[in-house]
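Student: Please see the structure below; I have some questions.
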Amino acid sequence: MKLQWKPFLLLLVVRSVEPNQRKLVAGLDKSISELKIMHVAGTKGKGSTCTFSEAILRECGLQTGLFTSPHLIDITERFRINGSDISREKFLYYFWGLWHQLKEKNVDGLLMPPLFQFLTLLAFKIFLCEKVDVAIVEVGIGGRWDSTNVIKQPVVCGITSLGMDHMEILGDTIEKIAAEKAGIFKHSVPAFTVPQLEQAMSVLTEESSKLSIPLEVAPPLDSEKLKGLKLGLAGEHQYINAGLAVALCKCWLQRTGYTKVLLKDDLEGSLPEEFLRGLSTANLFGRAQIVNDKPEKFDENSELNGYCGNLIFYLDSAHTPESLEACAKWFSNALWDNQHPTKNDFINEPHGNSDSQCSMKHCNQPERISKKILLFNCMEKRDPQLLLPQLMKTCTSSGVQFSKALFVPSISTYHRVDSATSPVPSNPSGEVSWQSTLQRTWEKLIHRKDVTTVNGLKLHNTHNSSSNGFIEVDPLDKCDLAGNHYICSAVIPSLPMAINWLRECARENPSIRFQVLVTGSLHLVGDVLKLLRR
């Protein structure tokens, strides 16, 4: 199928133009308009809602395409066909095919589109060539001016939970942000959202009424409707996303004529079996994911000095105050749910969202001491004085205390596209001033005073490694408040060094289970997963 890309390219390249000018370049290729699209925007839960929706519709027997962002380990994660990441061979085939097509059309002074806009084009090309029945498209940032909003006539639109994020782009009030998200609404296209703050809901309602479209609020999914199953994505907040996914899928099936599965829905409103299977099998890297670190040269027949899940990573890519609260609740619940190991869940398994531990024969031993460690970073545009207090408050209220907080720079950056085969750099610049700011914020929260003004203060900054290559900090040390010696946290100059230190702690302390919460940044979570895979 040969596509005419020039009008599409024009729309993606032109960003800040007057509305009447924008109309002149808003034409979409007929082939692209044939895709039956579900379009989802929001601040929190977009990826989860799209993942639930894809799994449900795939279980209904449909060929599915899913476009999400960003990727955590490999760029192919952004493009799923029938529930699996696109193969590297297909990705390269479509990537270079589109690149050369655009180069040929690069006339009249037009530039090649920026990265995300190019990937948006690539997603549509892939979905068309793979002949998917449904294309589920997650908005990148905002909605109104997002490159995915070239979609003229989706089947249904969804808005997930809204909050204060990307304010430098979307506006500094919840009303402004809601207006940008509502920019994906289209005339005569049904729209669904979740319970929102009153200010946000009023804007969404107003924007939908302007287009004379119905806006329905999907209630959180009732856990009883799962018939004893668990959601594939962990966390209480996922019931909100699952409820929206159910509403979106029902609407999509009805509007496209795939009503056979819905006829099985009984009068009591129970979910069809296909919906139950989709909700319980949905998976997404880096969202409430638990991974047991697999020791090098692992041998199930050896005792490994009593090794059994000594080092467990709890990964969640939360990076707003609201999402960190949800992350902290999930982490606290997961700690209690996982007191007794049940099965293997090492990183080499394809997906690891399950609340699982290991079940090796030598695991049958008395419960060990547990030490909780926070591994944290966030982008400099975010305010740690909003993020860290929310995390600490929620964990503390559940009785969870961190023995140590480690602040590390990420490997990836928001403007780079890495893959699972890319080399793992250290931190060549050695710049950790931002991580030191995060540490001071944490210490102030822990000790309820500005640690930068305490006489004789000794923050434990670990800029140097010991002779054996590991970090000179003991996870079992406690603060000496009388002596103004604060060692509740550490700045570590590279993420690989931090992972090595954690592994060394697990090897040297076989009677202790180290439970590490990794959060604050999508990039950090992706980098940790990448390192664990190696």
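The values are calculated or read from the model by the stated rules, or taken from the named source; none is laboratory data. Fair warning: this is a prediction, and the values are worked out from it, not measured in the lab. Glycine also receives a Cβ, built like all others from the backbone with ideal geometry; neighbour counts cover every protein chain displayed. Side chains are part of the model used for accessible areas, which takes the heavy atoms of the whole protein and leaves out ligands, DNA and RNA. Shrake-Rupley method; radii C 1.70, N 1.55, O 1.52, S 1.80 Å.
Student: Among the listed residues L197, L226, which satisfies the condition of being touching a residue at least 40 places away in the same chain (Cβ under 8 Å), touching a Leu at 6+ places or on another chain (Cβ under 9 Å) and either more than 28 Å from G269 (Cβ to Cβ) or not β-branched (V, I, T) (or both)?
Tutor: Only one candidate qualifies: L226.
Student: Which residue, of G163, G140, is buried (at least 20 other Cβ atoms within 10 Å of the Cβ) and within 14 Å of K181 (Cα to Cα)?
Tutor: Step by step, each of G163, G140 is checked, and only G140 is buried (at least 20 other Cβ atoms within 10 Å of the Cβ) and within 14 Å of K181 (Cα to Cα).
Student: Follow-up question, since we're still on this one. Of everything in segment 42-56, what is out of contact with any Cys (no Cβ under 6 Å at 6 or more places or on another chain) and open to solvent by less than 30 Å² (accessible area, probe 1.4 Å)? Give them in sequence order.
Tutor: G42, T43, G45, K46, G47, S48, T49, C50, T51, F52, E54, A55
Student: Step by step: first the residues of segment 395-441, then only those that are modelled with pLDDT under 65 and β-branched (V, I, T), then the one that is surrounded by the fewest Cβ atoms within 10 Å (Cβ to Cβ). Which residue is that?
Tutor: The selected residue is T421.
Student: Another question about this same structure. Go through segment 223-237 and report how many residues are within 18 Å of F192 (Cα to Cα) and at pLDDT 95 or above.
Tutor: Qualifying residue count for the region: 0.
Student: Additional query: Based on what the data block shows, is N338 closer than 26 Å to L531 by Cβ, open to solvent by less than 30 Å² (accessible area, probe 1.4 Å) and at pLDDT below 90?
Tutor: Against the criterion (closer than 26 Å to L531 by Cβ, open to solvent by less than 30 Å² (accessible area, probe 1.4 Å) and at pLDDT below 90), N338 qualifies.
Per-residue answers, yes or no, for (1) open to solvent by 10 Å² or more (accessible area, probe 1.4 Å); (2) at negative phi; (3) at pLDDT 90 or above; (4) within 31 Å of the chain's Cα centre (by Cα):
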{"site": "D450", "(1), (2), (3), (4)": "yes, yes, no, no"}
{"site": "K458", "(1), (2), (3), (4)": "yes, yes, no, no"}
{"site": "N464", "(1), (2), (3), (4)": "yes, yes, no, no"}
{"site": "A490", "(1), (2), (3), (4)": "no, yes, yes, yes"}
{"site": "I499", "(1), (2), (3), (4)": "no, yes, yes, yes"}
{"site": "L531", "(1), (2), (3), (4)": "yes, yes, yes, yes"}
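Student: Quick one: is L62 at pLDDT 95 or above, closer than 30 Å to K230 by Cα and out of contact with any Gly (no Cβ under 6 Å at 6 or more places or on another chain)?
Tutor: Criteria met by L62.
Student: Still on this structure: Just one of (1) open to solvent by 10 Å² or more (accessible area, probe 1.4 Å); (2) in contact (Cβ under 8 Å) with a residue 12 or more places away in the chain; (3) not basic (K, R) trips up A218, so point out which.
Tutor: So A218 meets the others, but not (1).
Student: If a residue has to be in contact with a helix residue (DSSP H, G or I) (Cβ under 6 Å, 6 or more places away or on another chain), within 11 Å of G42 (Cα to Cα) and outside any helix (DSSP H, G or I) to count, how many in segment 158-192 make the cut?
Tutor: The qualifying residues number 5.
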